[in-house]
Amino acid sequence: MRSIETTVDLAMDEAEQEVRRALGEEGFGVLTEIDVAATLKAKIGVERPPLRILGACNPDLANRALQADPTVSLLLPCNVVLEPAGTGTRVASADPVDVLGGDAVAAVAAEARERLQRAFARIGATATA
């Protein structure tokens, strides 16, 4: 699966703030948050490096995609993953064009890809400024 990603020279908490800001500028809100490391520790006692999943949704894009193909609901919201990478944080999401196949949602998937790419570019620009 192709992804959209960037690595920023920020700690995870700082990177998450930047991710939320940049996503918001592209019309995405964060609907869900999963602290995978904390959940695995609590449920099965497994220690692992930090890993957070933010469930991001752009309501306009989601509505358009659902109108074109109701099965898109199986893929909502878009997961944005944050995890340590060296001294910074890796931020990644599945490429919507890769995940949302079919002509009915191709335009929406392409727009979602463009918006995520712009958001991730902003995060990188903020981190290196």
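The values are calculated or read from the model by the stated rules, or taken from the named source; none is laboratory data. Bear in mind that the values here come from a model prediction, so they are computed numbers and not experimental data. All Cβ positions, even for glycine, are placed from backbone atoms using ideal geometry, and neighbour counts span all protein chains on display.
When you go through ALA56, ALA62, ALA15, ALA22 one by one, which is the residue that is modelled with pLDDT of 95 or more and either aromatic (Phe, Trp, Tyr) or over 13 Å from the mean Cα position of the chain (by Cα) (or both)?
Matching residue, one of ALA56, ALA62, ALA15, ALA22: ALA62.
Could you give every pair whose Cβ atoms fall below 7 Å, whose first residue belongs to segment 103-124 and is touching a residue at least 60 places away in the same chain (Cβ under 8 Å) and under 18 Å from PRO77 (Cα atoms), and whose second residue is of a type in the set (Val, Ile, Thr) and assigned to a helix (DSSP H, G or I), counting only separations of at least 6 or pairs across chains?
Close Cβ pairs (under 7 Å, with a partner that is of a type in the set (Val, Ile, Thr) and assigned to a helix (DSSP H, G or I)) amount to ARG113/VAL97.
Do the conditions hold for LEU66, that is, is it out of contact with any helix residue (DSSP H, G or I) (no Cβ under 8 Å at 6 or more places or on another chain) and either crowded, with 16+ Cβ neighbours inside 10 Å or of a type in the set (A, V, I, L, M) (or both)? Don't jump to the end; show me each part of the working.
Numbers: out of contact with any helix residue (DSSP H, G or I) (no Cβ under 8 Å at 6 or more places or on another chain): no; either crowded, with 16+ Cβ neighbours inside 10 Å or of a type in the set (A, V, I, L, M) (or both): yes.
Here the answer is no, as LEU66 does not meet what is asked.
Looking at segment 14-65 only, could you name the residues that are more than 15 Å from ALA112 (Cβ to Cβ) and of a type in the set (Lys, Arg)?
ARG20, ARG21, LYS41, LYS43, ARG48, ARG52
So the check is Cβ under 7 Å with 6+ separation or different chains; which pairs have a first residue in segment 74-91 that's more than 21 Å from ALA38 (Cα to Cα) and a second one that's aliphatic (A, V, I, L, M) and part of a loop (DSSP other than H, G, I, E, B)?
If the second residue must be aliphatic (A, V, I, L, M) and part of a loop (DSSP other than H, G, I, E, B), the pairs left are LEU75/LEU100.
Go through VAL91, VAL108, VAL80 for me and flag whichever is closer than 15 Å to GLY27 by Cα, within 10 Å of the chain's Cα centre (by Cα) and among the β-branched types (Val, Ile, Thr). Can you show your working first?
Details: VAL91 fails: closer than 15 Å to GLY27 by Cα; VAL108 fails: within 10 Å of the chain's Cα centre (by Cα).
The conditions single out VAL80.
Looking at ARG52 and the list (1) under 23 Å from LEU10 (Cβ atoms); (2) surrounded by fewer than 17 Cβ atoms within 10 Å (Cβ to Cβ), which single condition is not satisfied?
Of (1) under 23 Å from LEU10 (Cβ atoms); (2) surrounded by fewer than 17 Cβ atoms within 10 Å (Cβ to Cβ), only one is false for ARG52: (2).
On the basis of being assigned to a helix (DSSP H, G or I), surrounded by 13 or more Cβ atoms within 10 Å (Cβ to Cβ) and in contact with a Lys or Arg (Cβ under 8 Å, 6 or more places away or on another chain), does ALA106 make the cut?
On the way: assigned to a helix (DSSP H, G or I): yes; surrounded by 13 or more Cβ atoms within 10 Å (Cβ to Cβ): yes; in contact with a Lys or Arg (Cβ under 8 Å, 6 or more places away or on another chain): no.
Criteria not met by ALA106.
If you scan segment 69-93, which residues turn out to be touching a helix residue (DSSP H, G or I) at 6+ places or on another chain (Cβ under 7 Å) and over 19 Å from ALA110 (Cβ atoms)?
Passing the criteria: SER73, LEU82, PRO84, THR89, VAL91.
Any idea which of ASP95, ASP35, ASP60, ASP69 is more than 20 Å from ILE4 (Cα to Cα) and touching a strand residue (DSSP E or B) at 6+ places or on another chain (Cβ under 7 Å)?
Values: ASP95 fails: more than 20 Å from ILE4 (Cα to Cα); ASP60 fails: touching a strand residue (DSSP E or B) at 6+ places or on another chain (Cβ under 7 Å); ASP69 fails: touching a strand residue (DSSP E or B) at 6+ places or on another chain (Cβ under 7 Å).
Of ASP95, ASP35, ASP60, ASP69, the one residue that is more than 20 Å from ILE4 (Cα to Cα) and touching a strand residue (DSSP E or B) at 6+ places or on another chain (Cβ under 7 Å) is ASP35.
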